[in-house]
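Written out below as structure tokens is the structure these notes cover.
The values are calculated or read from the model by the stated rules, or taken from the named source; none is laboratory data. Please read all numbers here as calculations on a predicted model, not as lab measurements. So basically every Cβ, Gly included, is an ideal-geometry build from the backbone, and we count neighbours across all protein chains shown. Accessible surface areas use protein heavy atoms only, side chains included; no ligands, DNA or RNA. Shrake-Rupley method; radii C 1.70, N 1.55, O 1.52, S 1.80 Å.
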Amino acid sequence: MRRLVVLGAGTAGTMVVNKLRRRLDRTQWQNTVIDQDDTHVYQPGFLFIPFGVYLPDEVAKPRRRFIASGVDLSLGEIDRVNPEANTVVLRDRRVLPYDFLVIATGTAPRPDQTPGMLGSQWRRSIFDFYTRDGAAALADALRDFAGGRLVVHIVDMPIKCPVAPLEFAFLAEAYFRRRDMRDRVELVYATPLPGAFTKPIASAQLGSMLDERKIAVESDFLVERIDEDRKTLVSYDEREIPFDLLVTVPLNMGADYIARSGLGDELNYVPVDKHTLLSRDHDNIFAIGDANNIPTSKAGSVAHFSVEVFTDNFCQHIAGAPMAGSFDGHANCFVESGDGKGLLIDFNYDTEPLTGTYPLPGLGPFGLLREKTLNHWGKLAFRWVYWHVLLPGRPIPLPAHMSMAGKHLPDKEE
Ligand SMILES: Cc1cc2nc3c(=O)[nH]c(=O)nc-3n(C[C@H](O)[C@H](O)[C@H](O)COP(=O)(O)OP(=O)(O)OC[C@H]3O[C@@H](n4cnc5c(N)ncnc54)[C@H](O)[C@@H]3O)c2cc1C
């Protein structure tokens, strides 16, 4: 028997085992996926918990339910990979040998990496919404907030879903307006980027939306520490931003076992070939989803599109053939903008988010970089698609590669 071991049963790892389960001969392959717990969370849903749209229980389900029969789900914390011996060691000392390894342990917020963040103000006036319990605690804090300065903050890039903090700022603005207290809340968006987003056209569009909503932008802000006594963010260049309520996205990092195993970069991401996701150092290790270092957004959509390409490539690779598929960095994401509207962005390694329609030229029905009610409904409907189509590895009628159909090139814009 040949052994495939997948590390992480989140978005990417679950899709990988479910798709490969249909492709690999059961009499020849033993497939195992490992995760530290049995609760699969729908992370895009975290955005809505602080505003009472979803309850924490509405974004979680047992992992086991989504793993195809014939795949062994092992629960346990991964302690180390020994790439020379081709083994994975769990914290409880179990040792799992592999012939091929897929690393899909994602990225996680690390509030411990910023001095002062986990001090006396943590979950009192400092919150995050990148974890389920953080988002739930923030729902209480927002409900009780009587007014003052709310700062939405990103420690550093890359973060998963880089538009999520912008969406939070837009939704917060609408939330306070709805509660008739917008004039009592000063909103500030503090980012390490020079503008609202990583790519110029989207950055200009999203930046003007922040302006319209009177959300002040503090750009190029790289936090050094949080002064908890003065409730103030302090940057390396000695700028200060005081807050009454801080909603931060802590530094995102890959899992610590990746560093212990000598497999990662300085943020514990696994260096891979950006077109095949094969490790740069090991011919039998792939890294998929947020766990790798490819230069596109860390997003569920990227996990999905890349798994489509990876599945065929993997089957060729284990047969000793060259991998024919080439992942193009395709990402797309709905961007909630408040008041029941949203935008959509669609891009890849070479093409930044452009205006236009998606997926059909002229017809859409979704609007690219344009606020539309339908984009908002698309975002909400995605939760159902995630559980019922994406995770089981069922086909979605959208190409894995980005298409230029429906997109307006910048020089053609009126
Ligand atoms: C607030 C928020 C909003 C988002 N919105 C969107 C969106 O609108 N659109 C979009 O496309 N994406 C969005 N994302 C991003 C998306 O959720 C992630 O990019 C996606 O889940 C990545 O999948 P993954 O499999 O790489 O990692 P994950 O789904 O995070 O899975 C990693 C798994 O590895 C396990 N693991 C980690 N370390 C260990 C260990 N040492 N031992 C055992 N198991 C371990 C974890 O338990 C986890 O199950 C959002 C994320 C957040 C936080």
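Some points to look at:
- Residue count, region 68-102 (criterion: near the ligand (Cβ under 9 Å from one of its atoms) and either part of a strand (DSSP E or B) or closer than 27 Å to VAL155 by Cβ (or both)): 5
- The numbered conditions (1) surrounded by fewer than 21 Cβ atoms within 10 Å (Cβ to Cβ); (2) within 30 Å of PHE170 (Cβ to Cβ) are all true for PRO50 except (1).
- Test for THR296: is it over 24 Å from LYS199 (Cβ atoms), β-branched (Val, Ile, Thr) and under 22 Å from the mean Cα position of the chain (by Cα): no
- Residues being open to solvent by 10 Å² or more (accessible area, probe 1.4 Å), not small (Gly, Ala, Ser) and not in a strand (DSSP E or B) - total across region 1-41: 14
- Residue match in region 353-366 (condition: hydrophobic (A, V, I, L, M, F, W, C), under 18 Å from the mean Cα position of the chain (by Cα) and closer than 26 Å to ASN293 by Cα): no
- Selection of region 274-304 for residues being surrounded by fewer than 22 Cβ atoms within 10 Å (Cβ to Cβ), in a loop (DSSP other than H, G, I, E, B) and polar (S, T, N, Q) yields THR276, ASN284, ASN293, THR296.
- For first residues located in region 75-94 and more than 17 Å from ASP256 (Cβ to Cβ), partners that are not in a strand (DSSP E or B) and lie 6+ apart or on another chain with Cβ distances below 8 Å form the pairs LEU75/GLN36; LEU75/ASP37; LEU75/ASP38; ASN86/TYR98; ASN86/ASP99; ASN86/ASN284; THR87/TYR98; ARG94/GLY76.
- Scanning region 12-37 for residues that are near the ligand (Cβ under 10 Å from one of its atoms) and not hydroxyl-bearing (Ser, Thr, Tyr) yields a total of 9.
- Flag for GLY52 being within 11 Å of the ligand (Cβ to nearest atom), touching a residue at least 60 places away in the same chain (Cβ under 8 Å) and not aliphatic (A, V, I, L, M): no
- Single residue of PHE305, PHE347 found to be in contact with a helix residue (DSSP H, G or I) (Cβ under 9 Å, 6 or more places away or on another chain), modelled with pLDDT of 95 or more and of a type in the set (Phe, Trp, Tyr): PHE347
- Unmet criterion (only one of (1) within 13 Å of the ligand (Cβ to nearest atom); (2) open to solvent by 10 Å² or more (accessible area, probe 1.4 Å); (3) not aliphatic (A, V, I, L, M)) for ASP57: (1)
- Residue among LEU47, LEU118, LEU150 that alone is at negative phi, away from the ligand (no atom under 13 Å from the Cβ), aliphatic (A, V, I, L, M) and not in a loop (DSSP other than H, G, I, E, B): LEU150
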